[in-house]
Structures are given as C-alpha cells and as structure tokens.
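Novice: Before anything else, here's the structure in question.
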2 protein chains.
Amino acid sequence: MAEKEPGLRERTRRAVKAEIAAVAKRLFVERGFEATTIDDIAAVVGMSQRSVFRYFATKEEIVLGGYDAVLADLLAELSARPAGEDDLASLRSVLAFLVKISDPPGHRDVIASALRLVFETPLLYAAYLEKLQKMQDAIVAVLFERARAEGRPRAVDDPEPRVLVAAEFGAFLAAQHSWLALGVKGPFAGVHARAVAVLDAPRGQAEVAGPK
Amino acid sequence: MAEKEPGLRERTRRAVKAEIAAVAKRLFVERGFEATTIDDIAAVVGMSQRSVFRYFATKEEIVLGGYDAVLADLLAELSARPAGEDDLASLRSVLAFLVKISDPPGHRDVIASALRLVFETPLLYAAYLEKLQKMQDAIVAVLFERARAEGRPRAVDDPEPRVLVAAEFGAFLAAQHSWLALGVKGPFAGVHARAVAVLDAPRGQAEVAGPK
DNA sequence: CACAAAGTGACAGTGACTGTCACGTTCGAC
DNA sequence: GTCGAACGTGACAGTCACTGTCACTTTGTG
C-alpha cells in the first residue's frame, strides 16, 4: 500500500530525512535533547526550521521515528505466523524480531548512546513508552482479530491477549534497562533471555536461585 | 518529611489547587484536552495564566498530579510489608492497593470519564504511562535495596525485579483497558483478578479455557 | 516545452511554559 | 499591635515547539 519502488523524489526525501536525523542525533547527544532547538538543527543542515517540520512531525520523532517502520515489520512478522499457532508462541517470535533489531551487530556503541539518550531524557522516554504501547495495541488488535477469524472469538473485555503482550514487552523493556545498567556490553539477546526466564518461572513461589 | 499538620497557608493552597483541577477536568471533558487552553482555565477560575502554572507544572499534571501522592502511598505500602516476604507477595499487596484506589466506591462515573479522557488523549496517555513507569522504577529500586539490606544483594543487571514489576503493572493496565472496553461496569477488582490469573497460568501452553 | 505537483523560505500566529519585577497580603517575632 | 520577611499574585516579555499560508522555484511527466 505504501511500498512502491523508490523513485527519485522519494529517494531524496529519505536521504534528507536521514541527514536531518543524523545531525540531530549528534547534537542531541552532544548538547542534550532539550538544549538543542529545531533552529539549531536546521542551521546545521542548512534549511529553514519550517522545512525540518516537513520531514518530522515532532522533535521526538527525529529520534524515534524509526519505530514506525519497526511496528510495520512486527505486524508483518506476526501475520507470517502459521494459522492456529498459539498466541504466546506467535508473540515470542515477534519479540525475537524486536530483540534482533535492538542489537544490530557492529553498531553497539551507536545503540548505546541512543539508548542512553532515550532513557535519560524524560520527554524521549515518555515518547518511547508510547511507541512501545502502540506496538502492543496493534499486536493485541491482531490477536483479537485472529481469534475471531479462527472461529474462537474473544469477548471485548477478555484481558488475556493484553496481559500476555504487556508481560512480554515489560520483560523486553526490563531487559533494556538491565543491558544499559551493564553498560551495553555483550549480546542483548542473552539479557533478554534471562528476563523472559523470569516470566516463565512458575508463579507463587518466586525466588528461583538466580545466576551467580 | 513532607507531612506536617495543614497550616492555613497550605490549606488554602490545596483548596485553590483542587478548584483549578476541578474546573480544568470539567473543561477537558467538555471540550477536549487539547482544545482547552490554560488561559481558558485561568479565566474560569479567575486568575492569571501565570498563577495556574504556580500550582501545576504542566497541563498534564492538572489531570495526573494526583499520582504523585499515589506513588508515595505505594512506597509506604511496600515498606510496611514484613521483612523477608518474597518480592512477588509484596508486589501484589502494592498492586492490591493500586487496584483499590482505582475504583473508589460511589465515584465510578467520575472515574469512567477521567479514564476515558486519559486513554483517548495521546498526550495524557503518554504522561500516564510515564507515571506508571515512575512507580515501577521506584518499586524496583526498593526491591533492590531490600535485597541488599537482607544480605542477598542482586547484581545491577539482574532483570528479575524489573520483570516482575513490569508484568504486574502490565496486567494492571491491561485490566484498565478491559474495564473501559466493558464500559466501566462492575468492580474493577474482578477484571483485575482475571488479568492476574493470566500471569499465573503456567507458561508454554497458553489457552486455558476462558470464561464464556 | 508546458504544466501540475512537490519542495522550500519567509512570515505570522498560537499555546505551553519561564523569568522577572513590583505590589499587596500574611505570618511570626517582638 | 506592629514591623519586616516570606509569600502569592498580576503584568509583561521572552523562548520554543509547532502550524497555516503564500509566493516562488524545482522537478517529474506527457
């Protein structure tokens, strides 16, 4: 629906967008997100403030805009799951995808500074939480729809899909925090696996001997 | 630390604050959050825009400011738990408190419109997510500290407390969504219990027969 | 080449929020 | 009771994210 072959216009647009984002991210990391104005960014890129807003709707989008594409990919991954697969299994494959792109090989230092920026800037952190929530809402909608299509419709107030999705995303976010606390060293997948293990541990008697 | 006996100055301050909040919430529900300016509110209350900002740091705080007190109560509840109690049990008592105040008897219609306002206004929803996250962060910090004080310190990158807390809060939020989807009918505690049951169900084979 | 669509700069405007200052009120010491 | 300090407020000016508009240029297309 939106996937045509590039086309020169679209390609320049993407290039400009990428340049703005690159410049902006650098300034944000150097001076801080709030201390950097859109005019600063526009000046460095060499365009008017108005034009920057033609590429990004908000200041936060400059940093987090990439997650719109991620959301689309997540949904694609989800609808590629075999019919009849249970929700948790589908969900985990979606999360595995998210985990994969959260630690692209060879870019760990870039990811680290970006992650730090987002987690340490309240405005960005709030926007990030909103993005994660949007992903969850979209996934939940698909799970409801899938249940309906497979002849086992769920009541509108059935909390199960929401809870499952929220728990998985909660573990994902917790893993990102732990990874950051660790200095973004080592593969994220390992940290995430430990987080998911907490979810899988039988409830009611927490305290499974932790790795030490 | 902040709990002294009222004192006239403090009492008037709280009264004014409550009046601003009451007026603002009415206007927000009537005209929408974004369509209502601080000047509108100031005009109705009969004060200057500047003065409104002396009571509330941001527009969102007018609606969500109450959660600062909730956070304090949550932490009080948590530190009142018996030493040695396992994290999940303590956590559940904290959540029970949150559930309780989320459905105060006799105010369900007020809660319903407030909940709808928050969930349907992106700006407010993001701010609400941020508040919930702040609560989680504070609770996680206490759990880490408690573990240290009890002689079983956790590694800084141990994801367990974060995951447990995130899962519980995820279930809470999911329950609020389900409650809203249901039209805010019936006790919230019931909806919440169903949500928590999903967490407690053994993993790996989701699909426990749902209520029908 | 012509023409419509798309991109841009310049300008003005809104609204959330902040700093500052002068003025009036109030609280506590005496 | 009174007086000075602390506090609350209105008025005003300023910043910054964001939006609408318009005239102008650039560019893809037939």
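Novice: List the number of the failed condition for residue B:167; all other conditions in (1) open to solvent by 20 Å² or more (accessible area, probe 1.4 Å); (2) within 8 Å of chain A (Cβ to nearest Cβ) hold.
Specialist: (1)
Novice: Quick check on this structure: which one of B:199, B:173, B:143, B:164 is over 18 Å from residue A:198 (Cβ atoms) and not charged (D, E, K, R)?
Specialist: Criteria check complete, one pass: B:173.
Novice: Same structure, new question: Only one of these is facing chain A (nearest Cβ under 10 Å) and of a type in the set (Gly, Ala, Ser): B:149, B:174, B:138. Name it.
Specialist: None of the other options fit; the residue is B:174.
Novice: Then there's this: Identify the single condition in (1) in a helix (DSSP H, G or I); (2) without any contact (Cβ under 8 Å) to a residue 60 or more places away in the chain that residue B:98 does not satisfy, given that it satisfies every other one.
Specialist: Of everything listed in (1) in a helix (DSSP H, G or I); (2) without any contact (Cβ under 8 Å) to a residue 60 or more places away in the chain, residue B:98 misses just condition (2).
Novice: Looking for whichever is in a helix (DSSP H, G or I), open to solvent by 60 Å² or more (accessible area, probe 1.4 Å) and of a type in the set (Lys, Arg) here; the options are B:92, B:81. Which one fits? Give the derivation first.
Specialist: Numbers: B:81 fails: in a helix (DSSP H, G or I).
B:92 is the lone residue from the list that is in a helix (DSSP H, G or I), open to solvent by 60 Å² or more (accessible area, probe 1.4 Å) and of a type in the set (Lys, Arg).
Novice: Go through (1) free of Cβ contacts under 8 Å to residues at least 40 places away in the same chain; (2) in contact with an Asp or Glu (Cβ under 9 Å, 6 or more places away or on another chain) for residue A:92 and report which single condition fails.
Specialist: In the conditions (1) free of Cβ contacts under 8 Å to residues at least 40 places away in the same chain; (2) in contact with an Asp or Glu (Cβ under 9 Å, 6 or more places away or on another chain), residue A:92 misses (1) alone.
Novice: Checking residue B:84 against (1) under 30 Å from residue B:158 (Cβ atoms); (2) within 15 Å of DNA strand D (Cβ to nearest atom), only one condition comes out false. Which one?
Specialist: Looking at each condition in turn, residue B:84 falls short on (2).
Novice: As an exercise: evaluate residue A:86 against (1) open to solvent by 60 Å² or more (accessible area, probe 1.4 Å); (2) free of Cβ contacts under 8 Å to residues at least 12 places away in the same chain; (3) within 30 Å of residue A:150 (Cα to Cα) and give the number of the one condition it does not meet.
Specialist: (1) is the only condition that residue A:86 fails.
Novice: Right, something else. From B:154, B:148, grab the single residue that is in contact with a Gly (Cβ under 8 Å, 6 or more places away or on another chain) and without any contact (Cβ under 8 Å) to a residue 60 or more places away in the chain.
Specialist: Going through B:154, B:148 in turn, the sole match is B:154.
Novice: Turning to a different aspect of this structure: Tally the residues that are surrounded by fewer than 17 Cβ atoms within 10 Å (Cβ to Cβ), charged (D, E, K, R) and either over 21 Å from residue B:122 (Cβ atoms) or touching a strand residue (DSSP E or B) at 6+ places or on another chain (Cβ under 8 Å) (or both), restricting the search to the range A:16-67.
Specialist: Adding up the residues that qualify gives 9.
Novice: Does residue A:43 meet the test of being within 16 Å of DNA strand C (Cβ to nearest atom), within 14 Å of chain B (Cβ to nearest Cβ) and free of Cβ contacts under 8 Å to residues at least 40 places away in the same chain?
Specialist: No.
Novice: Is there a residue being closer than 30 Å to residue B:196 by Cβ and more than 13 Å from DNA strand D (Cβ to nearest atom) anywhere in the range B:40-58?
Specialist: So the first thing to find is which residues in the range B:40-58 are closer than 30 Å to residue B:196 by Cβ, and the list is none.
Within the range B:40-58, not a single residue is closer than 30 Å to residue B:196 by Cβ and more than 13 Å from DNA strand D (Cβ to nearest atom).
Novice: Test each condition in (1) crowded, with 18+ Cβ neighbours inside 10 Å; (2) at the interface with another protein chain (Cβ under 8 Å from one of its Cβ atoms) for residue A:128 and report the one that comes out false.
Specialist: Failing condition for residue A:128: (2).
Novice: Among (1) in contact (Cβ under 8 Å) with a residue 24 or more places away in the chain; (2) open to solvent by less than 60 Å² (accessible area, probe 1.4 Å); (3) within 30 Å of residue A:95 (Cβ to Cβ), where does residue A:76 come up short?
Specialist: Tallying (1) in contact (Cβ under 8 Å) with a residue 24 or more places away in the chain; (2) open to solvent by less than 60 Å² (accessible area, probe 1.4 Å); (3) within 30 Å of residue A:95 (Cβ to Cβ), residue A:76 fails exactly one: (1).
Novice: Further, regarding this structure: Could you tell me which of the residues B:70, B:99 is within 14 Å of chain A (Cβ to nearest Cβ), within 21 Å of the chain's Cα centre (by Cα) and more than 10 Å from DNA strand C (Cβ to nearest atom)?
Specialist: Numbers: B:70 fails: within 14 Å of chain A (Cβ to nearest Cβ).
The unique qualifying residue is B:99.
Novice: Test residue A:151 against the criterion of being over 30 Å from residue B:86 (Cβ atoms), open to solvent by 30 Å² or more (accessible area, probe 1.4 Å) and over 20 Å from the mean Cα position of the chain (by Cα), and give yes or no.
Specialist: Criteria met by residue A:151.
Novice: What is the residue count in the range A:129-172 for residues that are over 22 Å from residue B:188 (Cα atoms) and assigned to a loop (DSSP other than H, G, I, E, B)?
Specialist: Residues that pass the stated criteria total 4.
Novice: Does residue B:189 satisfy the criteria of being part of a helix (DSSP H, G or I), within 9 Å of chain A (Cβ to nearest Cβ) and at pLDDT 95 or above? Reasoning before the result, please.
Specialist: Details: part of a helix (DSSP H, G or I): yes; within 9 Å of chain A (Cβ to nearest Cβ): no; at pLDDT 95 or above: yes.
No, not satisfied.
Novice: Another question, then. Out of everything in the range A:1-15 that is within 8 Å of DNA strand D (Cβ to nearest atom) and not basic (Lys, Arg), what residue ends up being surrounded by the most Cβ atoms within 10 Å (Cβ to Cβ)? Show your work before the answer.
Specialist: At the first step, the residues of the range A:1-15 found to be within 8 Å of DNA strand D (Cβ to nearest atom) are A:7-9, A:12.
Subsequent filtering for residues that are not basic (Lys, Arg) retains A:7-8, A:12.
Details: A:7: 9, A:8: 7, A:12: 11.
Across the range A:1-15, the extreme among qualifying residues is A:12.
Novice: Continuing with this model, one more query. Within the range A:173-186, count every residue that is in a loop (DSSP other than H, G, I, E, B) and either under 17 Å from the mean Cα position of the chain (by Cα) or outside the structural domain of residue A:98 (by TED's automatic domain parsing) (or both).
Specialist: Residues in the range A:173-186 being in a loop (DSSP other than H, G, I, E, B) and either under 17 Å from the mean Cα position of the chain (by Cα) or outside the structural domain of residue A:98 (by TED's automatic domain parsing) (or both): 1 in total.
Novice: Separate question: Among the residues of the range B:24-40, which ones are touching a residue at least 40 places away in the same chain (Cβ under 8 Å) and part of a helix (DSSP H, G or I)?
Specialist: Residues satisfying the conditions are B:25, B:28, B:29.
The values are calculated or read from the model by the stated rules, or taken from the named source; none is laboratory data. Keep in mind that this is a model prediction, so the values were computed, not measured. Don't worry about glycine lacking a Cβ; one is built from the backbone with ideal geometry, like all the others, and counts go over all protein chains shown. Only protein heavy atoms, including side chains, enter the accessible area calculation; ligands, DNA and RNA are left aside. Shrake-Rupley method; radii C 1.70, N 1.55, O 1.52, S 1.80 Å.
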